[in-house]
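Following: one structure in structure tokens, then a few remarks.
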Amino acid sequence: MIFLRGIGLVISFILIWQLSIYFFKFPPYIVPSPYLVFMSLIQNSLLISQQAVPTLIETFLGLFLGALLGLSTALMMIFFRPIKLWFLPLLLISQALPTFAIAPLFIIWFGYGMASKIAITIIMLFFPVASAFYDGLRRTPRDYLDLAKTMQATHWQLLKRIQIPYALPSLATGLRVAATIAPIGAVIGEWVGSSSGLGFLLLNANARMQIDLMFAVLIVITMFTLFLYYSIDWLLKTLITW
Amino acid sequence: MHAPGISIKNATLTYHNQILFDQLNLEIPAGQWSTFLGPSGIGKSSLLRLIANLETGGTISVATRITSTNHLPLEKSIAYMSQHDSLMPWLSIIENVLLGYKLRGQSITKVKNKALQLLRQVELEQAVNKRPKSLSGGMRQRTALVRTLIEDKPIVLMDEPFSALDVITRLKLQTIAHELLKNKTVILVTHDPLEAIRLSDNIFIMQGCPATIVSVIKPTGPTPRNPTDVEVLTIQSQLLQILQQTHEVLS
């Protein structure tokens, strides 16, 4: 049913796209037709797939490390309460800074390679993971905590056997959000300064007015983001069944 | 181990500028079922939480002394069962039952057979490896009861443990609990006078603000009592009368 709905959505989108070109007479250098974009996708498939490799690596590494950092931050804040007082403002500051503004700094600090893109991805997604997981840990029902106390639970066992499992569905929510942000982080990094990747390809296509190629790359990024989201969603639903 | 009694001395609890208990003194007999009965908000559950050394949300005076009559640390002698079954949805029934041992980092090999035997006794042998969400309310509460029993503590505190169940399931569970908690010091908090009469050796009726024990009723005859028994019905009407009076005083 979800699959059919997805197909229906894609067909409707292509139809509206084609009809708007037909009715508004957009020139191909403003809005190319779905056919032109499809042809560009086929003709540039090798180029796109080559440039997709660094973006994929940056996305996966950024997602993995960002999730790990978010997870550890939440655990530290719940386990060592005084840390929360110092850490939470820093966490908020990291999110108040606009990514596009700090991205050039990351390029200067971490270089033109993958490291700067991974760092940008981490900064963008560790907050939703940390805040969702921390919220889940903090909301452990009082009944569970009372029970653990009367059972003489140690602090570590309480965290391991009650608080963390209880917070896993919240963590899953954070990871789903992170999955949609990770490719954006990598592309922003490439956009600001790089010599490879889909962001770099987008920037070049834009400079050369290759709008059909831009659309093709955007479609690839969208498809990849959807694939990443649904894979992680499936994995989390399989692992966290409560 | 013989179940000890509980001695409450000078218990004072203030909650949002309202004194819930003011130097409350009470002796809870050893090896018997004692029930606290009274209107909602009187402080029955708070008293139970005070005994269990759980967060009450109020301020406890330094003079408050709650001790067991055998002078062993009370926290280590208590098992607690609340209104909600508090079963962990990520654990199977057997894992839920043995949770206390895991939380203390103790081995479960010695108690696993006993847990399985208790689950058989409460007719849950088919559900051992199931998750709580696939169980009915009665089955979940029976699991919570087994989890309380496997802790093997001489004092058992029960805060309206059967209130969410239908009448028949409640009666059935009361009988099971009574059988399995023999010789333990049980403190039950309930709203249900019939439940109190069926199971208790002592019924403490609470009234007023700050709350005091206004009456102690000691129903006679072996427990669990038959709900259709004439004496049970007589005490029930007596209790309802007292509760009605306390309710009028409160309002």
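When you look at residue B:197, is it surrounded by 15 or more Cβ atoms within 10 Å (Cβ to Cβ) and under 17 Å from the mean Cα position of the chain (by Cα), yes or no? Please lay out each step first, then the result.
Numbers: surrounded by 15 or more Cβ atoms within 10 Å (Cβ to Cβ): yes; under 17 Å from the mean Cα position of the chain (by Cα): yes.
It is true that residue B:197 is surrounded by 15 or more Cβ atoms within 10 Å (Cβ to Cβ) and under 17 Å from the mean Cα position of the chain (by Cα).
Counting only residues that are touching a residue at least 12 places away in the same chain (Cβ under 8 Å) and among the hydroxyl-bearing types (Ser, Thr, Tyr), which one in the range A:192-230 is farthest from the other protein chains (Cβ to nearest Cβ)?
Within the range A:192-230, the subset touching a residue at least 12 places away in the same chain (Cβ under 8 Å) is A:192-203, A:205, A:209-221, A:224-225, A:228-229.
Still in the running and among the hydroxyl-bearing types (Ser, Thr, Tyr): A:194-196, A:225, A:229.
Numbers: A:194: 43, A:195: 47, A:196: 43, A:225: 30, A:229: 24 Å.
If we take residues in the range A:192-230 being touching a residue at least 12 places away in the same chain (Cβ under 8 Å) and among the hydroxyl-bearing types (Ser, Thr, Tyr), then A:195 is farthest from the other protein chains (Cβ to nearest Cβ).
Exactly one condition in (1) touching a residue at least 40 places away in the same chain (Cβ under 8 Å); (2) surrounded by 19 or more Cβ atoms within 10 Å (Cβ to Cβ) is not met by residue B:94; state its number. Single failed check for residue B:94: (1). The lone criterion from (1) crowded, with 19+ Cβ neighbours inside 10 Å; (2) over 11 Å from residue B:143 (Cα atoms); (3) without any contact (Cβ under 8 Å) to a residue 60 or more places away in the chain left unmet by residue B:82 is number (3).
Counting only residues that are in contact (Cβ under 8 Å) with a residue 24 or more places away in the chain, part of a helix (DSSP H, G or I) and among the charged types (D, E, K, R), the range B:179-203 holds 2 of them. The residues of the range A:159-176 that are more than 14 Å from chain B (Cβ to nearest Cβ) and either touching a Lys or Arg at 6+ places or on another chain (Cβ under 9 Å) or farther than 14 Å from residue A:74 by Cβ (or both) amount to a single one, A:176. Among the residues of the range A:13-50, write down those that are within 26 Å of the chain's Cα centre (by Cα) and farther than 16 Å from residue A:218 by Cβ. A:46, A:50, listed by residue number. Test residue A:26 against the stated conditions and say whether it is modelled with pLDDT under 90 and over 25 Å from residue A:232 (Cα atoms). Considered against the rule, which asks whether it is modelled with pLDDT under 90 and over 25 Å from residue A:232 (Cα atoms), residue A:26 comes out as yes. Taking the range B:20-97 as the region of interest, the strands (runs of 3 or more DSSP E) fully inside it that hold 2 or more residues being within 14 Å of chain A (Cβ to nearest Cβ) and within 19 Å of the chain's Cα centre (by Cα) are B:78-81.
Evaluation of residue A:198 against the conditions (1) modelled with pLDDT of 95 or more; (2) farther than 30 Å from residue A:240 by Cα; (3) surrounded by fewer than 23 Cβ atoms within 10 Å (Cβ to Cβ) shows that the sole unmet condition is (3). Scanning for something away from every other protein chain (no Cβ under 14 Å) and at pLDDT 95 or above, does the range B:136-144 turn up at least one residue? No: zero hits.
Looking at residue B:133 and the list (1) touching a helix residue (DSSP H, G or I) at 6+ places or on another chain (Cβ under 8 Å); (2) at pLDDT 90 or above; (3) facing another protein chain (nearest Cβ under 10 Å); (4) not in a loop (DSSP other than H, G, I, E, B), which single condition is not satisfied? Going through (1) touching a helix residue (DSSP H, G or I) at 6+ places or on another chain (Cβ under 8 Å); (2) at pLDDT 90 or above; (3) facing another protein chain (nearest Cβ under 10 Å); (4) not in a loop (DSSP other than H, G, I, E, B) one by one, residue B:133 breaks only (1).
For the range B:98-125, filtered to residues that are of a type in the set (S, T, N, Q) and assigned to a loop (DSSP other than H, G, I, E, B), the residue that is farthest from the other protein chains (Cβ to nearest Cβ) is B:107.
Note on the range A:123-152: residues that are among the hydroxyl-bearing types (Ser, Thr, Tyr) and away from every other protein chain (no Cβ under 13 Å) total 2.
Please enumerate the residues belonging to the range B:9-31 that are under 21 Å from residue B:69 (Cβ atoms) and among the β-branched types (Val, Ile, Thr). I'd like the intermediate steps shown before the answer.
In the first step, residues of the range B:9-31 are kept if they are under 21 Å from residue B:69 (Cβ atoms); the result is B:9-11, B:21, B:23-31.
Across the range B:9-31, the qualifying residue is only B:28.
Within the range B:29-46, residues that are farther than 12 Å from residue B:211 by Cα have Cβ atoms under 8 Å from residues that are aromatic (Phe, Trp, Tyr) and surrounded by fewer than 24 Cβ atoms within 10 Å (Cβ to Cβ) in these pairs: B:34/B:204; B:35/B:204, counting only partners at least 6 apart in sequence or on another chain.
Listed here are the residues, each with its yes/no results for (1) at pLDDT below 95; (2) under 25 Å from the mean Cα position of the chain (by Cα).
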| position | (1), (2) |
| --- | --- |
| A:150 | yes, no |
| A:166 | no, yes |
| A:170 | no, yes |
| A:176 | no, yes |
| A:191 | yes, yes |
| A:194 | yes, yes |
| A:204 | yes, yes |
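The values are calculated or read from the model by the stated rules, or taken from the named source; none is laboratory data. These figures come from a predicted structure and were not determined experimentally. A quick note on method: Cβ atoms are made from the backbone with ideal geometry, for glycine too, and the neighbour counts reach across all protein chains shown.
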